[in-house]
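The values are calculated or read from the model by the stated rules, or taken from the named source; none is laboratory data. Predicted, not measured: the structure shown is a model, and the values here were computed from it. Note: ideal-geometry Cβ built from the backbone for every residue, glycine included; neighbour counts use all protein chains shown.
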Amino acid sequence: MGITTQKGEIGEAMVLADLRRKGYGVAIPFGHDLPFDLVLIRRSGELERVQCKYTESDGRAIDVRCGSSSAWVRHTYDATEVDWLAVYDATTSRCYYLHSSAWAGLARPRLRLVPPANGQRAGVRWADAHLQPELPGHQPPSDQAHRMAMLSDPSPE
């Protein structure tokens, strides 16, 4: 197994563990011919596709690769294939989540860990704002009637 494959597997495992720790359900699709690695299952039953990435930041910013490449194929993801890019950063030991609406049209968006040296504030994507796979202002549905049962839910009596 090559180092790239090993890092990719570490990224997937860390994202899966992070999502479970945060209370989300996770499914692993069968095979390697899909453009996503995991399926995030919300308590409402919504399913969202997650492409996992592994990176090692410089401690100042995280480069998020919106594509994959091999010796044979180069592919850039888009919102028709993937809902979220989930990045495990080995430097910070944290997972970051970018919704497809945040990276549409970008090849390598950056998440800032510390303020830029030039003092720029406008257009900066702060890494801390991407620690949850949630859109700003998005609230999970509160209608319990359509809620999907999870194994961790108390059993009905």
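If only residues of the range 23-66 that are small (G, A, S) and surrounded by 16 or more Cβ atoms within 10 Å (Cβ to Cβ) are counted, the one that is farthest from C95 (Cα to Cα) is G25.
Just one of the listed residues (A90, A79, A102) is of a type in the set (A, V, I, L, M) and touching a Leu at 6+ places or on another chain (Cβ under 9 Å), namely A102. Summed over the range 105-130, residues that are out of contact with any strand residue (DSSP E or B) (no Cβ under 6 Å at 6 or more places or on another chain), exposed (fewer than 14 other Cβ atoms within 10 Å of the Cβ) and part of a loop (DSSP other than H, G, I, E, B) total 13. No other residue among A149, A102 is at pLDDT below 85, closer than 25 Å to I28 by Cα and in a helix (DSSP H, G or I) apart from A102. Within the range 26-76, being without any contact (Cβ under 8 Å) to a residue 24 or more places away in the chain, among the β-branched types (V, I, T) and part of a loop (DSSP other than H, G, I, E, B) holds for I28, V73. Here Q144 clears all of (1) under 18 Å from I41 (Cβ atoms); (2) modelled with pLDDT of 85 or more; (3) not small (G, A, S) except the condition numbered (2). Condition check: closer than 20 Å to V26 by Cα and assigned to a strand (DSSP E or B). Does A79 satisfy that? No; evaluated as a whole, the condition is false for this residue.
Residue by residue, here is whether (1) under 11 Å from the mean Cα position of the chain (by Cα); (2) of a type in the set (S, T, N, Q) holds:
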position	(1), (2)
G45	no, no
K53	yes, no
R65	no, no
E81	no, no
V87	yes, no
A90	no, no
S93	no, yes
H99	yes, no
